Amino acid sequence: MQSADVLVIGLGPAGASAAAAAALAGRRVIALDRKREAGLPVQCAELVPALLEVDAGAVRQQVSAMVTCVEDDAPDLQPDFPGRMLDRAAFDRTLVEEAARAGAEIRLSSFVTGLSEGVVRLSDGSAVRAPVIIGADGPRSRAGKAIGSVNTELVETRQMTVALREPHAATDIFLSAEIPGGYGWLFPKGNVANLGAGVSPAYKGRLKAIVARLHASQRERVFSEILALTGGAIPVGGMLKPWGLLGESVVLLAGDAAGLANPVTGAGIAAAVHSGRLAGQAAASGKFEAYEEELEDVYRAALDRALARRRELMSSKHEKSALRRGWIAYPEYWL
């Protein structure tokens, strides 16, 4: 049995940020991830807000606008939607390296098999004991399940990487009744683009065909060869209670594990980094209620608005007016 002051489960943006913050505060930190290499495989559309601080080496392209296509209507251009397209693997790797430099012990290829009061058990038979556990282990978080904070609403995604025929500086969004509970996207990343869609889980069986049709519709912009495929789940049910007790141990949740992805856009990287840092600081200071209050202040209003818009759309027949009201680029969303 090994011991630490803080144990972090998951080394995506939330977990790596949490591990760095707790280690910088002088705590002994052990951080685990099941992946063999930080950031791989990539399961992300890789778009982040322009204001998020990102190492230059992890940025593949700046984007300046958003083009939204509602069914077969003419595209709507929103010219002031700045963002960055990441090399997500490089982004995650940089955050993990920062956590290691801060003093956190990084353990990759570590599979969690059990979580009980103060003890996390691993597939190799070892175990780690810690009074504070940070769950940054994604939308189906083991840590969240242990304290009863579970993401019950998800979107399933499928994404391909394809080569662009020419440079593109906007993010393209596709809204349609044929993409129920989600949307399609084409996000440029240098000479390639991420092209995909997300749907409610009931329609997961349609995802392959939906993305294939989207790919076919964009042949004037992209080539036919598929360079890579990925996918995964995104929590869309809004913010969960981000901490709880497991016996005498404290469990904090960050990022997707805390339900901080936007229920409409699915965006969650910026919230993962920020909440991870806050969780690491709270783990070091013991100010757990203050952690929850900070997340409430920063995220609750926006997440509740997005959740309300999502539920309105899901209860409609996905008419064009409902699709517009349910998307951030239209004034109707903000009314």
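Looking only at segment 1-31, filter to residues that are modelled with pLDDT of 95 or more and surrounded by fewer than 24 Cβ atoms within 10 Å (Cβ to Cβ); which one of those is nearest to the chain's Cα centre (by Cα)? Among them, the one singled out is ILE30. Residues considered: THR113, THR161, THR152. Of these, the only one that is farther than 22 Å from GLY268 by Cβ, open to solvent by 10 Å² or more (accessible area, probe 1.4 Å) and either of a type in the set (Val, Ile, Thr) or in a strand (DSSP E or B) (or both) is THR113. Is it the case, given these coordinates, that SER316 is surrounded by 24 or more Cβ atoms within 10 Å (Cβ to Cβ) and touching a Gly at 6+ places or on another chain (Cβ under 9 Å)? When the stated conditions are applied, SER316 does not pass them. Comparison of ARG34, ARG27 shows that the only residue that is in contact with a helix residue (DSSP H, G or I) (Cβ under 6 Å, 6 or more places away or on another chain), farther than 14 Å from PHE91 by Cβ and part of a loop (DSSP other than H, G, I, E, B) is ARG27. Do you know which of the residues in segment 242-261 that are assigned to a loop (DSSP other than H, G, I, E, B) and touching a strand residue (DSSP E or B) at 6+ places or on another chain (Cβ under 9 Å) is surrounded by the most Cβ atoms within 10 Å (Cβ to Cβ)? Restricting to residues being assigned to a loop (DSSP other than H, G, I, E, B) and touching a strand residue (DSSP E or B) at 6+ places or on another chain (Cβ under 9 Å), the top hit is ALA254. On inspection, LYS145 qualifies as out of contact with any helix residue (DSSP H, G or I) (no Cβ under 8 Å at 6 or more places or on another chain), within 30 Å of ASP5 (Cβ to Cβ) and assigned to a helix (DSSP H, G or I). In segment 265-284, the residues that are over 14 Å from MET239 (Cα atoms) and of a type in the set (D, E, K, R) reach residues that are open to solvent by less than 30 Å² (accessible area, probe 1.4 Å) and part of a loop (DSSP other than H, G, I, E, B) with C-beta atoms within less than 9 angstrom, at least six apart or across chains, in these pairs: ARG277/ALA254. Here PHE223 fulfils each of the conditions (1) closer than 19 Å to VAL155 by Cβ; (2) open to solvent by 60 Å² or more (accessible area, probe 1.4 Å) apart from (1).
Listed by first and then second residue, the pairs with beta-carbon distance under 8 Å, at least 6 apart or on different chains, first residue in segment 137-148 and more than 14 Å from LYS241 (Cα to Cα), second part of a loop (DSSP other than H, G, I, E, B) and among the small types (Gly, Ala, Ser), are ASP137/GLY10; GLY138/GLY10; GLY138/GLY12. Figure legend. Inter-residue proximity from segment 14-25: first residues in contact (Cβ under 8 Å) with a residue 12 or more places away in the chain, second residues of a type in the set (S, T, N, Q) and surrounded by fewer than 24 Cβ atoms within 10 Å (Cβ to Cβ), beta-carbon distance below 8 Å, spacing 6+ or different chains. Indicated pairs: ALA21/GLN281; ALA22/GLN281; ALA25/GLN281; ALA25/SER285.
Under the condition of being in contact (Cβ under 8 Å) with a residue 40 or more places away in the chain and either open to solvent by less than 30 Å² (accessible area, probe 1.4 Å) or within 29 Å of ALA329 (Cα to Cα) (or both), the residues counted in segment 285-295 number 2. Residues of segment 80-88 include at least one that is assigned to a strand (DSSP E or B), under 24 Å from LEU175 (Cα atoms), open to solvent by 40 Å² or more (accessible area, probe 1.4 Å) and free of Cβ contacts under 8 Å to residues at least 40 places away in the same chain. Please find, among GLY184, GLY144, the residue that is within 26 Å of ALA258 (Cβ to Cβ) and either touching a Cys at 6+ places or on another chain (Cβ under 7 Å) or open to solvent by less than 30 Å² (accessible area, probe 1.4 Å) (or both). Criteria check complete, one pass: GLY144.
Taking segment 103-133 as the range and being modelled with pLDDT under 95 and at positive phi as the test, the residues that pass are SER109, GLY118, GLY125. Selection of segment 117-136 for residues being open to solvent by 50 Å² or more (accessible area, probe 1.4 Å) and either assigned to a strand (DSSP E or B) or touching a residue at least 60 places away in the same chain (Cβ under 8 Å) (or both) yields GLU117, ARG121, ARG129, PRO131. Once segment 319-328 is narrowed to residues that are assigned to a loop (DSSP other than H, G, I, E, B) and in contact with a Phe, Trp or Tyr (Cβ under 9 Å, 6 or more places away or on another chain), the residue that is surrounded by the most Cβ atoms within 10 Å (Cβ to Cβ) is GLY326.
Taking the conditions (1) under 22 Å from GLY280 (Cα atoms); (2) in a loop (DSSP other than H, G, I, E, B) in turn, GLN43 satisfies each one other than (1).
The values are calculated or read from the model by the stated rules, or taken from the named source; none is laboratory data. Bear in mind the structure is a predicted one, so any value in this text is a computation, not a measurement. FYI the Cβ positions are ideal-geometry reconstructions off the backbone, even for glycines, and counts take in every protein chain you see. For accessibility, only protein heavy atoms count, side chains too; no ligands or nucleic acids. Shrake-Rupley method; radii C 1.70, N 1.55, O 1.52, S 1.80 Å.
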